[in-house]
Amino acid sequence: MAAIAAPVNRLRSATLEGMTAHPVSLEASFTRGLPGFSIVGLGDETIRESKERIKSALQLSGFSFPPLKITVSLFPGDLKKSGSQMDLPIALLIALHKQPLSLKEGFFCFGELGLDGSVRTTPAIFSLALFLARDGHLKQVLCDRQSAERIAAIPGVCAYGVETLKEALAFLQGEQPLKPAQARSLGAQELKIADRSYYYEASPEKAVDFNQVRGQQQAKRAALIAAAGFHNLILSGAPGCGKSMIIKRLSTILPPMDLQELLTQASLEALEQGRVAFSARRPFRAPHHSATRASIFGGGSKNARMGEVALSHGGVLFFDEVVHFAKSTLEALREPLEDHQLLISRVNTKVRYETRFLFAAAMNPCPCGNLYSGVQECRCTPIEISRYQNRLSDPFWDRIDLTVQMADSDPKAAAQESSAAMREQVFCAFRQQKQRGQTQLNGKLGEQEAAQFCLLEEEASVLLDQAASRFGLSMRAVERIRRVARTIADLEASDTIEKPHLLEALSFRRR
């Protein structure tokens with residue numbers, strides 16, 4: 001059967017796999033034969049069901065289906081595709097099959113169709129646009145108006161928003177020009193460093209402030225260093241001494257984010273919650289110790305889904321009562337802590353997530369919690385204490401930069417620095433790091449970057465070698481001490497790591 005002579009139009013959409021967007025090319029053919037409508041190219045159930053939405057939307061928009069066999073092809077054919085965001089480009093291909101389209105390179109189309117022809121958003125659209133722009137594919141996009149306002153915030157992307165299929169048809173036919181959407185306000189303060197913009201929350205939550213923590217100066221100092229360099233932190237102490245209280249206030253002093261980090265966070269929010277807040281507040285995730293391994297690392301029998309580790313990227317992952325988490329969970333955490341990425345492998349898919357988060361944990365020194373208490377008596381036997389403490393292996397401890405054994409709380413102690421004052425110190429250290437040309441914070445530097453930026457004075461270098469020999473430190477531990485010392489030097493506005501900076505870094509190492 002011969003195909004009907006018509007221009008071969010193509011539109012581009014995309015499908016999402018983890019944190020990767022795969023471009024999809026769509027084209028349609030109209031052939032003589034029994035009337036029908038089919039979509040080929042490994043589409044999932046959502047795409048197969050889209051035929052009924054598209055039929056209704058086209059008919060109510062004034063389009064009459066010809067008595068022909070319509071086939072829509074999704075290329076590449078061996079790539080599994082999912083999502084209702086391909087409704088709009090498929091409908092446009094069918095409606096405009098007799099008219100040639102001339103679209104610029106980098107033009108994409110997204111949108112779910114209502115039965116009445118309305119164009120709706122989906123949680124995946126913003127994430128698709130962000131990942132396509134990150135990989136250099138996306139320049140222009142046609143989608144629903146709500147998504148267009150979000151996508152307009154992505155640098156170098158021109159977003160056109162429509163409310164109905166008729167508007168989209170008129171735009172592509174050149175009958176109704178559209179103005180590009182204006183980006184939403186980020187609602188954040190801007191910090192300029194070396195011609196680059198960074199964003200932070202204008203006024204952190206006042207109900208959670210470090211000036212509510214009385215005493216515990218060493219733990220607060222460790223929290224300051226951890227926030228300034230994104231170093232992993234564990235606080236140990238008796239119940240009620242303020243471990244969780246301090247860690248929960250980390251979110252008020254974290255460093256600002258660049259635009260790419262802010263958009264990535266918004267994309268993760270869209271994938272998890274279906275909405276985007278565009279907040280400059282870094283994520284803070286605190287799963288319960290009874291959470292399953294799949295909920296923490298991600299899982300799914302067919303398609304890999306994000307877990308708490310992926311969702312905390314760029315923010316804080318807090319394990320309260322860390323020793324009560326499953327042993328397998330704690331050991332599996334070693335890879336994302338060291339490599340800053342996580343690979344989820346399933347039969348149908350393999351997904352890699354970035355995991356540059358600040359890991360913070362709180363624990364008691366023994367089952368009853370009173371081992372080092374000066375007030376309460378410890379009721380645990382030596383065997384119970386040893387078994388309890390051995391739930392955290394040496395390789396796990398090796399990935400922890402800062403540890404503090406906290407004393408009992410003192411209600412008479414005076415309140416000290418506020419979150420605002422501590423955040424100002426973090427911002428000064430952040431400025432030092434960025435002015436050196438670092439792409440990552442000190443705690444997440446790679447080996448080559450650490451060798452370039454973490455320079456020790458001769459006296460400090462000799463001291464580090466002596467400490468490594470005396471305490472039997474691994475190479476990993478030595479590098480982590482060097483990075484912590486670099487952050488302490490940044491807090492002191494020092495260009496090089498001096499002996500006092502290294503001594504303080506060593507004091508926070510688990511012994």
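Values quoted throughout were computed directly from the atomic coordinates according to the rules given, and no laboratory measurement underlies them. Just so it is clear, the model here is predicted, and its values are computed rather than measured. Counting neighbours? That spans all protein chains shown, and the Cβs are built from the backbone with ideal geometry, glycine included.
Would you kindly work out the equivalent ellipsoid of segment 389-511 from its C-alpha gyration tensor and give its semi-axes, the square roots of five times the eigenvalues, largest first in whole Å? Don't skip to the end; give the middle numbers.
Working: eigenvalues 110, 99, 40 Å².
Semi-axes, largest first: 23, 22, 14 Å.
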Quick one: Karplus J couplings for segment 24-35, per residue in order, coefficients 6.51, -1.76, 1.60, θ = phi - 60°, nearest Hz, x for Gly and Pro? 10, 9, 10, 8, 10, 10, 10, 10, 6, x, 5, x
Please sort 361-372, 187-198 by packing, taking for each peptide the average over its residues of neighbouring beta carbons within 10 angstrom, highest first. 361-372, 187-198
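For segment 384-426, rounded, prolate or oblate, judged on the Cα gyration tensor with a ≥ b ≥ c (square roots of eigenvalues), a/c < 1.5 rounded, else prolate if a/b > b/c?
Verdict is oblate for segment 384-426.
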Can you list the HN-Hα couplings for segment 138-155, worked out from phi with the Karplus curve (6.51, -1.76, 1.60; θ = phi - 60°), rounded to whole Hz and with x for Gly and Pro? 9, 10, 9, 9, 10, 7, 5, 5, 4, 5, 4, 5, 6, 5, 4, 6, 7, x
Residue by residue, what Karplus-based ³J(HN,Hα) values in Hz, rounded to whole numbers, does segment 494-500 have, using 6.51, -1.76 and 1.60 with θ = phi - 60° and x for Gly and Pro? 9, 6, 10, 8, 9, 4, x
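Work out, step by step, the length gained on full extension between GLN189 and GLU272: first 0.36 nm times the residue separation, then minus their alpha carbon distance; give nm to one decimal.
Values: separation 83, 0.36 × 83 = 29.88 nm, distance 2.56 nm.
Length difference between fully extended and current span is 27.3 nm.
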If amide H atoms are built 1.01 Å from N in the plane of the peptide, which residues on other chains or at least 5 residues away come under 5 Å of the amide H of VAL162? CYS143, ASP144, ARG145
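Which percent of the Cα-Cα distances in segment 378-456 go past 15 Å?
Values: 2356 of 3081 pairs.
Distances greater than 15 Å cover 76 percent of the Cα pairs.
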Rounded to whole angstrom, the alpha-carbon centroid of segment 256-287 lies from that of segment 89-161 at a distance of 22
With a cap of 13 neighbouring Cβ atoms within 10 Å, and only residues DSSP puts in a loop, list the trypsin sites (Lys or Arg not before Pro) found in segment 13-97. ARG32
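Calculate, for SER64 and GLU175, the FRET efficiency according to 1/(1 + (r/R0)^6) with r their C-beta to C-beta distance and R0 30 Å; round to the nearest 0.05. Let's see the in-between values first.
On the way: r = 19 Å, r/R0 = 0.63.
Using R0 = 30 Å, I get an efficiency of 0.95.
When only Cα pairs under 8 Å and 6 or more residues apart are kept, what is the percent relative contact order across segment 78-144? Show your work: numbers first, answer last.
Details: 72 pairs, mean separation 24.7, N = 67.
The normalised contact order for segment 78-144 reaches 37 percent.
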Would you mind checking the pairs LYS179/LYS434; LYS81/LYS434; LYS248/LYS412; LYS55/LYS139; LYS192/LYS444; LYS243/LYS444 and listing those with alpha carbons more than 31 angstrom apart? LYS179/LYS434; LYS81/LYS434
Cα-Cα P(r), segment 36-169, percent of pairs per 10 Å interval: 12, 43, 37, 7, 0
Taking amide H positions as placed 1.01 Å from N in the peptide plane, with prolines and chain starts having none, which residues 5 or more places from ASP258, or on another chain, fall under 5 Å of its amide H? TYR199
The chain: angle of helix 217-229 to the longest principal axis, Cα-based, in degrees nearest 10: 40
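Give the relative contact order (percent, whole number) for the chain; include only Cα pairs under 8 Å separated by 6+ residues. Intermediate values should be presented prior to the final figure.
On the way: 1021 pairs, mean separation 65.1, N = 511.
Reported as a whole number, the value is 13 percent.
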Which far-off residues, 5 or more places away or on another chain, put their amide H under 5 Å from the one on VAL24, with H placed in the peptide plane? SER13, ALA14, THR15
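If I stretch the segment between LEU463 and GLN182 completely, what's the gain in nm (0.36 nm per residue apart, minus their alpha carbon distance), one decimal? Please report the intermediate quantities before stating the final value.
Numbers: separation 281, 0.36 × 281 = 101.16 nm, distance 5.60 nm.
Working it through step by step, the gained length comes to 95.6 nm.
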Mean-position separation - Cα centroids, segment 442-486 and segment 180-210, in angstrom: 33
If you look at just the Cα atoms of segment 208-355, how large are its Rg and its Dmax in Å? 16.2, 53
How far is the Cα center of segment 52-80 from the Cα center of segment 340-394, in Å? 54
Counting only DSSP loop positions in segment 197-287, the GluC sites (Glu not before Pro) whose Cβ has at most 13 other Cβ atoms within 10 Å are GLU205
